[in-house]
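Here's the structure, in structure tokens; my notes come after.
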């Protein structure tokens with residue numbers, strides 16, 4: 001079963017907390033929360049969708065941050081509110097993007113990050129497979145453009161001069177490469193591979209011998 005993008009919602013502003021309405025659909029659900037912040041510091045917690053959430057990675061550069069969080073179990077379906085509290089108020093963009101068709105034993109893998117100053121391009125390469133999906137987020141201080149044609153821009157936003165991008169790329173074997181270009185800037189970039197759930201199996205049923213038995217050819 002291939003991973004598919006479900007829904008994306010975001011909130012921007014000079015924030016000390018966030019609350020985002022988000023409706024989850026499909027089966028084998030998963031989500032990623034990406035937060036671009038014009039300050040250092042943590043997200044003290046994220047709640048919502050009937051599950052606990054954990055920070056997968058925090059990328060810091062020149063006093064600014066990019067956070068990536070994921071749920072610890074499959075989020076509840078239907079209308080939910082994803083909320084969080086920051087350690088301090090700062091200009092921020094927070095994105096919730098959800099997916100369907102994700103493996104529930106190991107939803108994500110192969111986390112990659114990149115950061116630096118006076119950069120004009122950022123690129124990460126993640127191990128992947130057919131039917132998987134790469135997802136990434138980027139934070140800069142200049143206008144951003146998404147990379148390869150098969151990398152789909154899901155969000156390109158601005159808050160008080162800070163740029164926040166989110167994209168996805170259909171999985172391929174053995175890797176997916178995700179990149180962004182921009183005028184010289186600091187950059188924080190993080191991404192991971194979402195593993196596809198196994199296709200449902202169909203039991204073989206012989207009309208004479210019954211289920212679970214593969215008949216000899218007649």
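What follows draws every value from the coordinates through simple rules; no lab data is involved. Quantities reported herein were computed from a predicted structural model and do not represent experimental measurements. Using ideal geometry, Cβ is built from the backbone for each residue, glycine included, and neighbour counts are taken over all protein chains shown.
Alpha carbon centre of segment 60-85 versus segment 33-52: separation in Å?
About 5 Å separates the Cα centre of segment 60-85 from the one of segment 33-52.
Tell me whether segment 4-196 comes out rounded, prolate or oblate; compute the Cα gyration tensor, take square roots of the eigenvalues as a ≥ b ≥ c, and use a/c under 1.5 as the rounded threshold. Working shown, then result.
On the way: a/c = 1.79, a/b = 1.11, b/c = 1.62.
The shape class here is oblate.
With a 10 Å radius around each residue's Cβ, average the other Cβ atoms per peptide and rank 140-153, 57-70, highest first. Walk me through the numbers on the way to the answer.
Values: 140-153: 16.3, 57-70: 19.5.
The peptides rank, most packed first, as 57-70, 140-153.
Tell me, what is the FRET efficiency for residue 184 and residue 152 to the nearest 0.05, using R0 = 30 angstrom and their Cβ-Cβ distance as r? Write down the numbers at each step before the final one.
Details: r = 26 Å, r/R0 = 0.86.
With R0 = 30 Å, the Cβ-Cβ based efficiency is 0.70.
Determine, for each peptide in 128-136, 165-173, 41-49, the mean count of other beta carbons within 10 angstrom over its residues, then list the peptides with the highest first. Don't jump to the answer; show the numbers that get you there.
Numbers: 128-136: 22.8, 165-173: 20.9, 41-49: 17.7.
Order by mean packing, descending: 128-136, 165-173, 41-49.
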